[in-house]
Amino acid sequence: FGTNTNVKVVHDNTYGLTLAVDDILAKGGSYINIPSGTYLAQKLILPTAFTIKGSGKNTILKQQYYATDATDGEGNSLAFDNNFVGIGVTNGTDITIDNLTIDGNNSNNIRFELDDDNYMVYFKGVSSSLFKNIELRNSPAHGLILKESTRVSIENSSFVDGAATDRYAYEPINAQESTVLRINDSLFENYPGPVDVSVTSVVSTGGNIIRNCGTGLRTYATGKITTSNNIILGPSDEFIPSQ
């Protein structure tokens, strides 16, 4: 048409990933190993008591460009929100996400008005679950919600470069009102909001780096918590002491 505009054509794996999970469940399984590659999708909804594992930096689940389609391409309805990877039941249990990268593609997606619609990874209310060796990056707004969870561990993971704007205090993690929570040996960098473990009980947050994330580590109204051996740095890399 007489312009130099480029059109990028990409494949949408939303239905394919859903079909793979459903097939495993139908055969009595509870585990999927995603091979190396980049998988663009609108959403990925996991069942309870399920494990998803990848090949670290080589397995990338990436939110589709402007992921607001009403269906998955095969006629199945999708929720109109910004929650990319999540769980399909209330108060799920025995979830494991291990060794993969989740990319929110924030420069090509939109933010929503309500906080609960703005968590790239949504596992509110889960119990006996593990998030290990994962990287969450480029979320359009918040990163991971674990609010009201029980017996959850986050280990050796990275939450980086979140939020398309600094206007709102979008957080890398919201784990408010959780009980028996561990967040250890992880990196949090470049979010406008803090790592939020307020109103929690029996919590360990140790060996983490929290850099340029709002007020750093929010711990008000917590009970039985340790916050030792964290490195907390402000937006100019100023050192923020913690106990």
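The values are calculated or read from the model by the stated rules, or taken from the named source; none is laboratory data. Values in this document were obtained by computation on a predicted structure and should not be read as measured data. With ideal geometry, Cβ positions are generated from the backbone for all residues, glycine too; neighbour counts draw on all protein chains shown. SASA here: full protein model, heavy atoms, side chains in, ligands and nucleic acids out. Shrake-Rupley method; radii C 1.70, N 1.55, O 1.52, S 1.80 Å.
The alpha-carbon of residue 57 sits under 15 angstrom from the alpha-carbons of these aspartates and glutamates, leaving out residues fewer than 8 places away in its chain: 98, 103, 135. Size of segment 127-243: Rg and Dmax of its alpha carbons, in Å, are 12.7, 37.
As a rough guide to protection, the peptides 61-72, 136-147, 27-38, 180-191 ranked by mean Cβ packing within 10 Å, highest first, stand as 136-147, 180-191, 61-72, 27-38.
All other residues whose Cβ lies under 9 angstrom from that of residue 42 are scored, Lys and Arg at +1 and Asp and Glu at -1, for a net of -2.
Computing the accessible area with a 1.4 Å probe over protein heavy atoms, can you report the carbon and sulfur percentage for the chain?
On the way: 5520 of 11470 Å².
Looking at the chain in its full context, I get 48 percent from C and S.
With protein chains left intact and a 1.4 Å probe, residues in the chain average 47 Å² of accessible area per residue. Counting only Cα atoms, the size of segment 1-52 along its three principal axes is 55, 18, 15 Å, in decreasing order.
Diagonalising the gyration tensor over the Cα atoms of the chain and scaling each eigenvalue by 5 before taking the square root yields semi-axes of 29, 22, 15 Å, largest first. In plain terms, if you count all Cα to Cα distances in segment 1-123 and split them into 10 Å steps from zero, the share in each step is 12, 43, 34, 8, 2, 1 percent. For residue 43, the lysines whose Cα falls under 17 Å of its own Cα, not counting residues fewer than eight places away in the same chain, are 53, 62, 124.
What is the angle, in °, between the Cα long axis of helix 14-26 and the longest principal axis of the Cα atoms in the chain? Nearest 10 is fine, range 0 to 90. Rounded to the nearest ten degrees, it is 80.
As an exercise, use a Förster radius of 35 Å and the Cβ-Cβ distance of residue 91 and residue 166 to find the FRET efficiency, rounded to the nearest 0.05. For residue 91 and residue 166, the calculated efficiency is 0.60. For residue 224, the lysines whose Cα falls under 20 Å of its own Cα, not counting residues fewer than eight places away in the same chain, are 147.
Divide by every residue of the chain the summed helix terms, -39500 (n - 2.57) for each DSSP H run of at least 4, and state the resulting mean residue ellipticity at 222 nm, rounded to the nearest 500 deg cm²/dmol. Spell out each step's value before the answer.
On the way: 1 runs with 13 residues, N = 243.
Per the formula, -1500 deg cm²/dmol.
A Förster radius of 25 Å, combined with the Cβ-Cβ distance separating residue 25 from residue 78, puts the computed FRET efficiency at roughly 0.85.
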